[in-house]
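The values are calculated or read from the model by the stated rules, or taken from the named source; none is laboratory data. Quick caveat: nothing in here was measured; it's all calculated off a predicted structure. Every residue, glycine among them, receives a Cβ derived from its backbone with ideal geometry; neighbour counts consider all protein chains shown. Heads up: the accessible areas ignore ligands, DNA and RNA and are worked out on the full protein's heavy atoms, side chains in. Shrake-Rupley method; radii C 1.70, N 1.55, O 1.52, S 1.80 Å.
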Amino acid sequence: MTKRSEFSGKDMLAVFAFIAVALWMSDSFIEFLWFNPAGKSFLSFFLPTEDPHDLFVRLMFTCVLVLSGSFCSLMYAKLELSERYARQSEKNLSTTFDSIGEAVISTDSKGVVVRMNPIAEVMTGWPFADAEGLRLSEVVKVVDSKTGVVCVSPVEKVLRRKESQSFPSHAVLVSRNGQKYQIADSASPIIGDDGEITGVVLVFRDLTERNRQESELGKLRNYLSNIVDSMPSVLVGVDGDGNVTLWNKTASEATGLSAEVVRGKMLTQVFPQMEEDMLGIIESIKTKKVRREQRKMRHSVTGVCYEDVTIFPLIANGVEGAVILIDDVTELIKMEQSMIQNEKMMSVGGLAAGMAHEINNPLAAILGHAQNINNRVFGELEKNKAVASECDVSLNKVREYLEKRDVPRMLDGIYSSSNRAAKIVGNMARFSRKADDNFGKHNLASMLDETLELAANDYDFKRHYDFRKIEIVREYDADVPEVYCESSDIQQVFFNLLKNGAQYMMIKEYRGDHPKFILRVRKEGEFAVVEVEDNGLGMEEDVLKRIFEPFYSTKKAGQGSGLGLSVSYFVVADQHKGIMEAHSKPGSWSRLIVKLPIGEPAQLQEASFGECLTAVR
């Protein structure tokens, strides 16, 4: 807009007044010079009081002129004010236009650039002085980042369709100097009073830095997510109300529920075993203190598990909640128990050797003397008759007396007890030393079936339990190779496992069920595995910890020596470099597992006892 001079409305009024005075003076002067035959004074012409009509005409003309000047002065003042407002509005609009933080370019109805703000100049590389009058497509060059094809200007689409348009996604602005910007834009029509398009406004912004930050943020989020998901521990986050906010891959595997399914739900709803920990979680959130519970025991389908539960309250940025870390330490505890068990077995093995030697000598004397007493009293020996004759005693009377005093029954008791003690000593001696080298290749499934036949005819089974009433379920894999072992020893191990299971099933009251053995033979890595599972009474945790200890037994006195499983353990672990495990759920089932290495004799001889750890869970 053209800037006017500093000429105001008052100045215009003064001009009109000056003209009025000048005309009055000039008229008086002309009349004084040309129309003054009588020689009147100039004052009589300046104020023609003698001619009222002339004075009236002059006054009316002067008033009209002054009034016209006032009107023109007023109109000029309004025009001046309007222009001042227009200039201020234009200045404000220009300031606003140039202050916009995004690039703005306006065009006329033909798509020719008529205005650009500084941001647009920087991004396009075109100064407004150079870009003014050019078509927008010449100033703003945009290509598709994926295809490299030049995009059609949205201004042309706006002019054609009369509605807002934009560049396609992944648009990249190529500036005049070759610099590239990732942009987002919009082009809108400028509608005149007549409803026609008078121009287009194109607004676009630089997304390069934002996209870079979003990319970095996405990478960081994926990195943290990968760290969380790669943790072998269960990691769960909750808010102050106990709703799940974080759920890693291990938690999904442990529960079978994905993060999408559990997010926003109550922890106790998706992770029921954490219900007893909710009070601790809430308390940890309120007190902002870390809580730890180590070696927490939990029963599962596979047996007893141990977990370390740590609750970390969230105390930063005003966020209320907690992160729960659950570590399965079952294997660690199994390892510790195995080490303890091995130490016990090693120490007891040395003790058993000494005890067997020390007990065997007096036991042999007891058995020998009992045999001699029986022979010298009840045996038909000539020496007995001769000595009785020398003492003048009737041998028959002596025998009659002893029978009435129940001495023969006492001798039988000595025999029975001594034989039982001899059997225990024999087990102790076997426990303390390796058997003779009588190893060979054997099929474990066949050996297990043979042991079943032997167990069915065992004396204890006939007296206490009808083995034929036990259901036998065989689950034998066909691809299990033969194992290098001592067959009689391994069969004795199987026999002990079957006998123990049958005895515990004997004392259980079944309701809607019946005694059952599930026998499994399979291959597991470098081991051939035999499982003997019964549905008897099961074992408590404290029993499982001591199940392989020598002389430990839960049976009544006289019903067992407590050496059967300990000897079995020693045969498997020491003599065959294998592994023996015990699993149980109290009241439901017990499962004893024997793992024997698959390998050649030379490989087995090189194996060390320390490498064969027993897992008791």
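Please give the length that would be gained between Asn92 and Arg210 if that part of the chain were fully extended, namely 0.36 nm times their separation in residues minus their C-alpha to C-alpha distance (nm, one decimal).
The span from Asn92 to Arg210 would gain 39.5 nm if fully extended.
In square angstrom, what is the accessible area per residue of segment 241-308 with a 1.4 angstrom probe?
61 Å²
Could you compute how much accessible surface Met12 exposes when probed at 1.4 Å, giving the result in Å² to the nearest 10?
40 Å²
With a 1.4 Å probe and all protein chains left in place, how much accessible area per residue does segment 60-152 have, in Å²?
Value returned for segment 60-152: 58 Å² of accessible area per residue.
Over 24 Å between Cα atoms: which of Lys334/Lys585; Lys219/Lys249; Lys469/Lys499; Lys334/Lys577; Lys296/Lys523; Lys219/Lys286 fall into that group?
As for pairs spanning more than 24 Å Cα to Cα, those are Lys296/Lys523; Lys219/Lys286.
Only Lys, Arg, Asp and Glu count, each charged at its Cβ (+1, +1, -1, -1), so figure out the dipole size of segment 223-283 about its Cα centre, rounded to 20 debye.
Here the size comes out at about 240 debye.
Name the lysines eligible as straight-distance cross-link partners of Lys404: C-alpha to C-alpha under 28 Å, and not fewer than 8 places from it in the same chain.
In chain and number order, the partners are Lys383, Lys385.
Roll a 1.4 angstrom probe over the protein heavy atoms and tell me the percent of accessible area of segment 196-278 that is carbon or sulfur.
Looking at segment 196-278 in its full context, I get 52 percent from C and S.
Can you tell me how segment 4-63 classifies by the Cα gyration tensor, rounded, prolate or oblate, using a/c under 1.5 as the rounded cut?
Judged from the Cα gyration tensor, segment 4-63 comes out prolate (a/c at least 1.5, a/b above b/c).
Can you tell me the mean projection area, over all orientations, of the convex hull of segment 259-314's alpha carbons? Units nm², please. Please list the in-between numbers first.
On the way: hull surface 18.7 nm².
Orientation-averaged projected area of the Cα hull: 4.7 nm².
Ignoring ligands, DNA and RNA, what percent of the 1.4 Å accessible area of segment 1-145 is carbon and sulfur?
Whole-percent figure for carbon plus sulfur exposure: 67.
Where Rh denotes the Kirkwood radius from the mean inverse Cα pair distance, what is Rg over Rh for segment 146-211?
Details: Rg = 13.6 Å, Rh = 13.0 Å.
We get a ratio of 1.05 for segment 146-211.
Which of the lysines could be linked to Lys157 by a straight reach, that is with a Cα gap under 23 Å, when you skip same-chain ones fewer than 8 residues away?
Lys110, Lys141, Lys146
Can you bin segment 91-200 into rounded, prolate or oblate? Criterion: square roots of the alpha carbon gyration tensor eigenvalues sorted a ≥ b ≥ c, rounded for a/c under 1.5, prolate for a/b above b/c, oblate for the rest.
oblate
List the GluC sites (Glu not before Pro) within segment 150-196 that DSSP assigns to loop and that have no more than 15 neighbouring Cβ atoms inside 10 Å.
Sites meeting the loop and neighbour criteria: Glu163, Glu196.
For Lys545, list the aspartates and glutamates whose Cα falls under 13 Å from its own Cα; do not include residues on the same chain fewer than 8 positions away.
Cross-link targets: Glu336, Glu581.
Provide the per residue accessible area, probe 1.4 Å, for segment 464-539, rounded to a whole number of square angstrom.
For segment 464-539, the per-residue accessible area is 49 Å².
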